[in-house]
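Some notes on the structure that comes next.
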Amino acid sequence: MVGAFGGRGVGKTTWVRDWIERQRAPCVAMWDYKRDPKMKDFGQVYTDLAEFIEALRAQAFCVRYQPDLKRDIHQQFKRFCQAMWLIGHRHPIVFIDELPAVTRANKAPDDWRNCVNIGREYEDAKGRACSLTIVITAQRVAEIDKSTLSNCDIVHTGRVRGGDADVLAGELGVKADELKKLQDFHWVELGPGDLEARRGVLGQPGTVVGRKTTETVPKAAKKAPAKTPAKRRP
Amino acid sequence: MPSPIKTTSAPPDGAAVEPQDDELGNLAQEARGDVQQEQVEQEAARQAEPGLPPEFIEAIARIPLFIIRAVRANIAKRVPEIMEEWPDDMLTAHAAAWPPVVAKYAAKMAPKIAQYPEESVLVLSLVPLCGGYFTASMRSQAKPLPMAERVDMPAPAAEVAPAAPQGFVGVPGVAEG
């Protein structure tokens, strides 16, 4: 699970889009609440939820659902999460842009909680191995539920303020002041297997500063080393 | 920069689609049902809240104007400058803000009004009485008092008897000498 945080204009959406494209996943679905112009050409856009769900039947897709803001947005998000759960056997990337619009710090919808807490790896009703790679963005960390943040394998942030800086500094193992003083497009990130946070600038390859990761195995795949049974003397 | 992700809309029948996915189909059907359900609920809510007569709302909204005028008159006793600071057009502007608020909450009272029509007419008939009371109060306070009752002018000085040769003023009731 990937979490990208930061205030407006720091480059989190651009970074997320770049990250998704690098994964080259055959199935990508996006909850496009913000209608960000930067995502204008990202996948096929749908404004009808039923049509969006029907489009998920395809073997490969990149689809974007823009919720109807005049209707109950939480009900639409509930259906969206249910649909993602059903297509887990395709191992899709599920991108939720601006998660706080549909969740609260002290309450997350049940279907969303299932996607986050269980969706990493599960079996569907037909016994198929399923997984959801969830990518979220949020301007305010304080407005998302704690289980979502704690489930993030990659925590990526641009400039943040106030209490958000304290929370993310704790997650990243850096000082809050550093996060408050980040310039636009500068980021700090902690990925799976990273021992220290990495730093970089959006759009400038080769400027990552920080200790390299010793391994790139995601947290979920890490297993305890098998105990070797003691050899018996003949 | 163009996205390397190829967009794929829902393909034609039978092409690159899982042969049967009832769960997705059922979910799509439920999503359609959500839209219809919300429309039904909105229509029901609209019908459950009948609008109130505009005369009723206007009558209720006159009361704040009466009250604020009475308040101004009361304050003016101690702070006459309030009459300049709170001119009539300011009070009228404040009173004009009330009708939308009254209309907003009056819709919730509509079922009660419909349930008790006679009592509602009785309350409505009190509005001009209250207005008249406030107006009369203001007019009464604005009218100058009769001379005898005015407290701002000192009483005319009483005639003072000329000083006696000894320098003492004669005290009524006490024999001189």
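The values are calculated or read from the model by the stated rules, or taken from the named source; none is laboratory data. On a predicted model such as this, the values are computed, not experimentally measured, just so you know. Ideal geometry is used to build each Cβ from the backbone, glycine not excepted, and the neighbour counts take in all protein chains shown. Each accessible area value is taken on the protein alone, full model and side chains, heavy atoms only, with ligands, DNA and RNA left out. Shrake-Rupley method; radii C 1.70, N 1.55, O 1.52, S 1.80 Å.
Observations
- Buried solvent-accessible surface, both chains (B, A), 1.4 Å probe, Å² to nearest 100: 2600 Å²
- Averaging Cα coordinates gives a centre for region A:1-48 and one for region A:82-109; these two points are 13 Å apart.
- Note, ³J(HN,Hα) from phi for region A:150-166, Karplus 6.51, -1.76, 1.60, rounded to Hz, x at Gly and Pro: 6, 8, 6, 7, 10, 10, 10, 9, x, 5, 9, 10, x, x, 4, 5, 5
- Surface calculation, 1.4 Å probe, protein heavy atoms: B:GLU23 sits at approximately 70 Å² accessible.
- Other protein chain Cβ atoms within 10 Å, averaged over every residue that makes up B:126-135: 0
- Cβ-Cβ distance of A:GLN183 and A:LEU69, R₀ of 35 Å, FRET efficiency by 1/(1 + (r/R0)^6): the value works out to about 0.60.
- Exposure ranking of A:THR133, A:THR13 by accessible area [1.4 Å probe, largest first]: A:THR133, A:THR13
- Label-point separation in nm, B:ARG32 to A:ARG104, each point 7 Å along Cα→Cβ: 3.4 nm
- Applying a threshold of 22 Å to the alpha-carbon distances of A:LYS70/B:LYS104; A:LYS12/A:LYS40; A:LYS12/A:LYS181; A:LYS34/A:LYS70; A:LYS107/A:LYS180; A:LYS34/A:LYS175 flags A:LYS107/A:LYS180; A:LYS34/A:LYS175 as lying beyond it.
- Contact order normalised by residue count of region A:86-132, Cα under 8 Å, 6+ apart, percent: 56 percent
- C-alpha center-to-center spacing [region B:68-128, region A:155-190] in angstrom: 53 Å
- Between amide H atoms placed 1.01 Å from N, distances below 5 Å from A:PHE95 occur with A:ALA29, A:MET30, A:TRP31, A:VAL135, all of them 5 or more places distant or on a separate chain.
- DSSP beta bridges in chain A [antiparallel fraction, %, rounded to 5]: 30 percent
- Gain in span if fully extended, B:THR135 to B:ASP89, counting 0.36 nm per residue against the direct Cα distance: 14.9 nm
- Backbone geometry of region B:125-139 corresponds, through the Karplus equation with coefficients 6.51, -1.76 and 1.60 at θ = phi - 60°, to 3J(HN,Hα) couplings of 5, 6, 4, x, 5, 4, x, x, 4, 5, 5, 4, 4, 5, 5 Hz, x marking Gly and Pro.
- Exposure of B:TRP98 as accessible area (Å², to 10), given a probe of 1.4 Å and all protein chains: 100 Å²
- Largest-first ordering by accessible area, 1.4 Å probe, given options B:LYS104, A:LYS175, A:LYS78: A:LYS175, B:LYS104, A:LYS78
- With all protein chains in place and ligands, DNA and RNA left out, the 1.4 Å accessible area ranks B:TRP86, A:TRP112 as B:TRP86, A:TRP112, largest first.
- The Cα atoms of chain A give a gyration tensor whose axes a ≥ b ≥ c have a/c of 1.5 or more with a/b no greater than b/c, which makes the shape oblate.
- Selection of trypsin sites (Lys or Arg not before Pro), region A:82-142, meeting DSSP coil and at most 12 other Cβ within 10 Å: A:ARG104, A:LYS107, A:LYS126, A:ARG128
- Computed from phi, the 3J(HN,Hα) profile of region B:100-106 under the Karplus parametrisation 6.51, -1.76, 1.60 (θ = phi - 60°) reads x, 5, 4, 4, 5, 8, 5 Hz, with x in place of Gly and Pro.
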